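Encoded as structure tokens, the structure appears first; notes follow it.
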Amino acid sequence: MSTQQTDARRVQTAGITEGAGVTASHTSRGHALARFALPSIFLALIVIFSILRPETFATSDNLRTTLITQSVLAVVAIAVLLPLIIGEFDLSVGANLGLGVILTTGLSAKQGLPLGVAATIAVLSCTGVGLINGFFVARIGINAFIATLGTGTVLSGAVLWYTDARVISENVPTTLVDLSSQDVLGVPTPALAMFLVALVVWYVLEHTPLGRYCFAVGGSKDAARLSGLNVSRLTFVAFMTSGFLAGIGGLMAASQLGSGNPDVGPSYLLPAFAAAFLGATAIRVGSFNVLGTLFAVFTIAVGITGLQLMGAPFYIEPIFNGLMLLIAVVATRYLQRERV
Amino acid sequence: MPLLAVRNLSKTFAGQRALAGVDLDVDAGEVHALVGENGSGKSTLIKCLSGYHQPDAGGSVQLSGEPLDLPLTPEAARAAGMAFVHQDLGLVPSMTVMENLAIGRGYATGRGGRVKWRAERARARAVLLRFGHDVPPDVPLRNLAPADQTLVAIVRALQDAEQGGSMLVLDEPTAALPDREAERLFAAVREIAASGVGVIYISHRLHEVFSLADRVTVLRDGRRVLVDDVANLTERQLVRAIVGRDLEDRFVPAPAQTNGDVVLEAKDLRGRRLDGATFAVRAGEIVGVAGLLGSGRSELARIVAGAQAPAGGEIRLGGEPVAFRGPRDAIDAGVVLVPEDRRTQGAFVGLTMAENLTLPSLPDFFRAGRLRHRDDRRVAEELMEEFGIRPNIPGRRFAEFSGGNQQKAVIAKWLHRRPRVAVFDEPGQGVDVGSKAEIYRLVRAAAENGSAVLVVDSDLEELELLCHRVLVLRDGCVAAELEGAGLKRDRILEHVLISQEAAA
């Protein structure tokens, strides 16, 4: 890919990333220091913990575990990326992922449907939720923040209703767990699924007109419409893709848990947004991007794993997560300002 | 002794002289116009006065004979009696006039921090009346006409100044105002000056300088190149001072009449304001549209270009009736629109120049499943060359180009498609004199390449110079059509204003 072309693209979603403290108004080229700050921290953490805890951290088991456990979060973070790029929030992804988990496990365990059918219905339902979100936002013109808060809340209620607030663990087909405990070419399947999702979304965003159109809509809906873009259709596409990926994430989570926990979905929402925003401070500074988002997810994971291996308590996770986001955003702002 | 005396003020940015030893004198009671192209140093000068920039050592600023400590801080500038109203007024549209006046100043409060609303209201009304501005303090700001909003910003800036002895700086206050609204603002500004305030008035519109200002200072390349009484100057002299050369084509007579085929026909076009407009435009012809705000002139542009659905009437393109469902249909049919507000409607300021220029033709660069970034960039580079967009850096963010170059880019984005109909809504808005001439040259080039061109413009002088024919819209109808020898600025104005006078 041509770097001049891509590294210069900046925050189209100015309102949102500026809100996150990433300034849009500076230079064309991301400051090299800012662009690679997060990847550098990622590498530095790996090196430090490998030296400090060679026998537990620097192991292939740890690598496998990290890849597998973070794969769901990475997919959900990429899911929220698309609405963010067109300038909208999708707060329903967490609950939507929960719907995917419950339908995959519940339809096969309680209704006795074949796993493939249950999973397909689950992913389609999640995509359908995206369709509903798109309808509220694009057709009726409701603020996405409010609309997706509404659909997400309804979904979490529906999940409680279907499960009676109990974990679905009996009669879950063992093939579901088998799905995520295999390797393909030495790569665990959840990690493979994650890389596949990342690759496809990256390709669409960077190398197709569709991606460029989404950034344009995020820049100015009015200008996009006057430029001949179908803003309403692009909004639908973004929310439906977000819903579809939440469904994929749900399927992956169900497979890893081997059960349907009604509480699992919402816990992904805030970390996913944090990763998307943190990702916008790297690679293409000030712009939401897939590679940066992956770095965000895994930098946080590596940091937390390492700290826990060093004996840090369980509550280090959200603290580290939040601090990373704040520090990265503040640092980006500082680095960019100094440049002027 | 002048009220404000700036001496030898300089400002260097990273080795670049933005301001080189500039002097500026403003008397009490005077409206002093400050003009110059974008980048001439106007904003830098003002920002040094407002405390936003630190000037280089060696300059001085005196207010009422008292030297001010440099660099100024915003607080010191305010305390000394200098008030600034920027183009973006810094008001909150959803809050009331009274609340807007209290921003930055604070409310009168009683025990327990309770706001004394009655006292506030009385104070707000008094201060508004002091500036001859009779608006109710409880109305949300956005319900006011644009000129009234600007006046509220002025009142807010001046509310704590003593009568007389203070400076008011207005930075392009009319950029977003229609002519009629601007007239009301001028009356208020004259009154404020008459009360002893010194006013610095920054504008790109030269006729405003002549109708409003007493004196004018011209900056070019960071230097003062002219200061004189407006009465001693002709417009031509002023333009030469601003640009540093004659703008030949600004004064060439209107282009020769064309005999192309009729491309665009509108019959009995209706919308929210439009009430049965009928007209036709030939290939190669430039037709201007004049009218007051609310006459339907912008709506006309938007309906023709498919950006707004008409409420009735018929549009024909090359004799065939068309019904656009949106801008996409219009673009496919060869009808393009350069919209009024380039920052929100015409362009994507966060994207790069290349991305802006090629957005409408992006599918051309999508081959074998991949966007050909290199071709995309090359085409952008060629367009920038052809349309004179400087500097020629396609990867630069759109927002970092000057207003004139931004506008040229919005025009280039559409004109390189060789449209059948090109609609321009206020093409010369918010750009400096030099870029303006280039932009109007591009409009003319579009017609020479065979497009039927429709230009909505509130600058009547530009209409006179640019157009073959001018339609005057009044009450949503085409009330007059001027061409040939009858196409003169004052004649247009006459027709634009007729119904107003009849109603009065």
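Of all beta bridges that DSSP places with both ends in the protein assembly as shown, some 60 percent have antiparallel geometry. Take every DSSP beta bridge with both residues inside the stretch B:4-250 and express the antiparallel ones as a percent of the total, to the nearest 5. Percent antiparallel among DSSP bridges in the stretch B:4-250 is about 55. Our estimate of slack between B:GLU461 and B:ASP69, defined as 0.36 nm per intervening residue step minus the Cα-Cα distance, is 136.7 nm.
Here the stretch A:32-339 is described by how far its Cα atoms reach on the three principal axes: 55, 53, 35 Å, from widest to narrowest. Using the Cβ-Cβ distance between B:MET1 and A:LEU199 with R0 = 60 Å, the FRET efficiency computed as 1/(1 + (r/R0)^6) comes to roughly 0.25.
Only the Cβ atoms of Lys and Arg (+1) and of Asp and Glu (-1) were treated as charged; on that basis the dipole of the stretch B:4-250 about its Cα centre amounts to roughly 800 debye.
Taking the DSSP beta bridges with both ends in chain B, the antiparallel portion is around 55 percent. According to a simple spin-label model (label point 7 Å from Cα along Cα-to-Cβ), what is the distance in nm between A:ILE142 and B:GLN54? Between B:GLN54 and A:ILE142, the label points sit 5.3 nm apart. Computed from the Cβ-Cβ distance with R0 of 41 Å, the FRET efficiency linking A:ASP178 to A:ARG233 stands at 0.60. The charge dipole of the stretch B:401-490, taken about its Cα centre with unit charges on the Cβ of Lys, Arg, Asp and Glu (plus for the first two, minus for the last two), comes to roughly 520 debye. Kindly identify the stretch A:108-211 as rounded, prolate or oblate by the Cα gyration tensor criterion: order the square roots of the eigenvalues as a ≥ b ≥ c, call it rounded if a/c is under 1.5, otherwise compare a/b with b/c, prolate if a/b is larger, else oblate. It is oblate, given that a/c is not under 1.5 and a/b is not larger than b/c.
When you work out D = kT/(6 pi eta Rh) for the stretch B:348-504 at 20 °C and 1.002 mPa s, using the Kirkwood radius from C-alpha pairs as Rh and the Stokes-Einstein form, the result is 123 µm²/s.
Any idea what angle helix B:433-448 forms with the longest principal axis of chain B, computed on alpha-carbon atoms, 0 to 90 degrees, nearest 10? So the inclination is approximately 10 degrees. Legend: P(r) of the stretch A:173-316 from all alpha carbon pair distances, 10 Å bins from 0, whole percents, reading 10, 30, 36, 18, 6, 1. Estimated from helical segments only, the mean residue ellipticity of the protein assembly as shown at 222 nm is -15000 deg cm²/dmol, where each DSSP H run of four or more residues counts as -39500 (n - 2.57). Each part reduced to its alpha carbon centroid, the stretch A:220-278 and the stretch A:136-197 end up 11 Å apart. Between B:ALA187 and B:PHE366, the distance separating the two model label sites (each 7 Å from Cα on the Cα→Cβ line) works out to 5.5 nm.
Each principal axis of the Cα cloud of the stretch B:111-203 was taken in turn, and the coordinate range along them, longest first, works out to 46, 32, 18 Å. Using a cut-off of 28 Å between alpha-carbon atoms, which lysines can reach B:LYS11, once sequence neighbours fewer than 8 places away in the same chain are excluded? Counting by Cα, and skipping residues close in sequence, B:LYS11 has these lysines nearby: B:LYS42, B:LYS47, B:LYS436. For the stretch B:348-416, place one equal point scatterer on every Cα, skip the solvent, and apply the Debye formula. What is log10 of I(q)/I(0) at q = 0.14, 0.20, 0.23 Å⁻¹? Those come out to -0.36, -0.71, -0.92, one per q. Altogether, the Stokes-Einstein calculation at 25 °C and 0.890 mPa s, with the Kirkwood radius of the stretch B:4-250 over Cα pairs as Rh, returns a diffusion coefficient of 130 µm²/s.
What's log10 of I(q)/I(0) for chain B at q = 0.05, 0.09, 0.10, 0.11 Å⁻¹, Debye sum over Cα points only, no solvent? For chain B at q = 0.05, 0.09, 0.10, 0.11 Å⁻¹, log10 I(q)/I(0) is -0.22, -0.71, -0.87, -1.03. Using only side-chain charges placed at the Cβ, +1 for Lys and Arg and -1 for Asp and Glu, the dipole size of the stretch A:32-339 relative to its Cα centre rounds to 860 debye. For a modelled paramagnetic label at A:THR56, 7 Å from Cα along Cα-to-Cβ, the residues of the stretch A:300-318 in reach, with backbone nitrogen under 18 Å, are A:301-318. Bridgeable aspartates and glutamates around A:LYS221 (alpha carbons under 14 Å apart, same-chain partners fewer than 8 residues away excluded): A:GLU88, B:ASP341.
Per-residue Karplus couplings for the stretch A:190-202, computed as 6.51 cos²θ - 1.76 cosθ + 1.60 with θ equal to phi - 60°, are listed in order as x, 5, 4, 4, 4, 5, 5, 4, 4, 5, 5, 5, 4 Hz, Gly and Pro entered as x. Normalising the average separation of contacting C-alpha pairs (under 8 angstrom, six or more residues apart) by the number of residues puts the relative contact order of chain B at 15 percent. Taking 0.36 nm per residue of separation and subtracting the current Cα-Cα distance, fully stretching the chain between B:GLN237 and B:ASN8 would add 80.0 nm.
Assuming 0.692 mPa s and 37 °C, estimate D for the protein assembly as shown with Stokes-Einstein, Rh taken as the Kirkwood radius over Cα pairs, in µm²/s. Value of D from the Cα-based Kirkwood radius: 109 µm²/s. Summarising the label geometry, the points placed 7 Å from Cα in the beta-carbon direction at A:LEU149 and B:ARG325 lie 3.4 nm from one another.
Where a number appears in this text, it was derived from the coordinates with a stated rule and is not lab data. The model shown is predicted, which means the values in this text are computed figures rather than measured ones. As a convention, Cβ positions derive from the backbone with ideal geometry for all residues, glycine included, and neighbour counts pool all protein chains shown.
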